[in-house]
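Notes to accompany the following structure.
The values are calculated or read from the model by the stated rules, or taken from the named source; none is laboratory data. Since the model is a prediction, treat every value here as computed from it, not as a measurement. Here the Cβ is made from the backbone with ideal geometry for all residues, glycine too, and neighbour counts use every protein chain on show.
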Amino acid sequence: MKIKVVNPNTTLSMTATIGECARRVAAPGTQIVAVSPAMGPPSIEGWYDEALAVPGLLAEIADGERHGFDGYVIACFGDPGLYAAREVARGPVIGIAEAAMHLASMIAPSFTVVTTLGRTCGMAWHLAERYGVLRFCKNVRATDLPVLDLAVPGSRARRMIVDECRAALSVDGADAIVLGCAGMTDLCDEIADEIGAPVVDGVTAAVKLAESLITLRLATAKRGEYARPIPKQYSGLVAPFSPLAAPVVRGDIANASKAPQITGRP
Ligand code: 2AL
């Protein structure tokens with residue numbers, strides 16, 4: 001099976017790490033292709049970043065459909081564009097926050113999310129509510145680390161995350177930790193060993209969930225809400241994203257990432 005893991009930010013070093021961690025847990029017969037969109041923010045640290053990461057992400061999903069991918073992972077903890085991606089894809093599309101929160105709620109009576117900047121805490125609470133796991137979510141803790149600082153060699157990132165994890169266990173009374181950023185994926189095992197409690201990373205959780213759904217031949221329901229977008233002509237900068245009648249053809253959103261009228265404009 002072929003799973004496309006889309007890091008919706010444009011930082012390729014982070015995409016490479018996400019791809020390595022995804023491959024480490026994937027079954028022998030699973031091909032993982034990790035990509036970043038051709039346009040969008042270098043990191044996603046708020047609602048505005050998230051909104052403008054979505055067009056590039058959707059172009060990657062549409063391109064994946066033309067290349068026969070069986071399923072997709074959206075590797076950003078805000079799960080940007082998740083439901084829109086499901087309209088475009090035939091196979092399952094899994095967001096890393098929904099994967100991590102659901103798996104955490106299956107192995108522990110409660111979890112705390114440990115994330116990056118304080119301003120993203122509200123987004124995580126919002127997702128816990130959306131996925132129906134609010135009663136499991138004890139707290140959302142910020143490390144106040146910018147996303148791209150997570151990978152800076154010699155940074156205090158791991159220590160700061162571990163400190164928040166320990167506070168989650170002792171102060172919040174949480175039984176498990178959900179890592180609140182795709183950029184933390186490579187730290188998951190060391191943090192779990194250090195704190196002695198389950199730590200759920202959304203990237204690896206989402207890969208295994210996507211694999212399971214594909215194995216079970218469970219694809220995205222196409223009868224109603226997640227049916228392909230209604231064909232219509234969009235205007236202005238988003239004109240290249242105009243949904244055309246299925247099947248995906250030239251000029252559809254699959255080609256939007258290559259559209260000159262979008263790249264290079266503010
Ligand atoms: C993220 C993430 O997973 N990727 C990114 O760019 N921002 N999440 C976060 N809480 O900052």
Kindly indicate whether any position in region 232-245 is out of contact with any Asp or Glu (no Cβ under 6 Å at 6 or more places or on another chain), under 25 Å from P28 (Cα atoms) and surrounded by 15 or more Cβ atoms within 10 Å (Cβ to Cβ).
no
Got a sec? Which of A221, A124, A197, A182 is surrounded by fewer than 19 Cβ atoms within 10 Å (Cβ to Cβ), in contact with a Cys (Cβ under 9 Å, 6 or more places away or on another chain) and not hydroxyl-bearing (S, T, Y)?
A197
Count of residues meeting criterion [in a loop (DSSP other than H, G, I, E, B) and of a type outside the set (D, E)] in region 40-61
6
Of everything in region 62-92 that's of a type in the set (D, E, K, R), away from the ligand (no atom under 14 Å from the Cβ) and not in a helix (DSSP H, G or I), which residue is surrounded by the fewest Cβ atoms within 10 Å (Cβ to Cβ)?
R90
Could you list, in sequence order, the residues of region 23-60 that are away from the ligand (no atom under 16 Å from the Cβ) and surrounded by 24 or more Cβ atoms within 10 Å (Cβ to Cβ)?
L58, A59
Looking at region 124-138, I want the residues that are within 20 Å of G46 (Cα to Cα) and have a partner that is among the aliphatic types (A, V, I, L, M) and outside any helix (DSSP H, G or I) with Cβ atoms under 6 Å, at least 6 apart or on another chain. Which pairs are those?
A124/V113; A124/V140; W125/V140
Do we have any residue at all in region 90-110 that's assigned by TED's automatic domain parsing to the domain that holds T11 and farther than 27 Å from G132 by Cα?
no
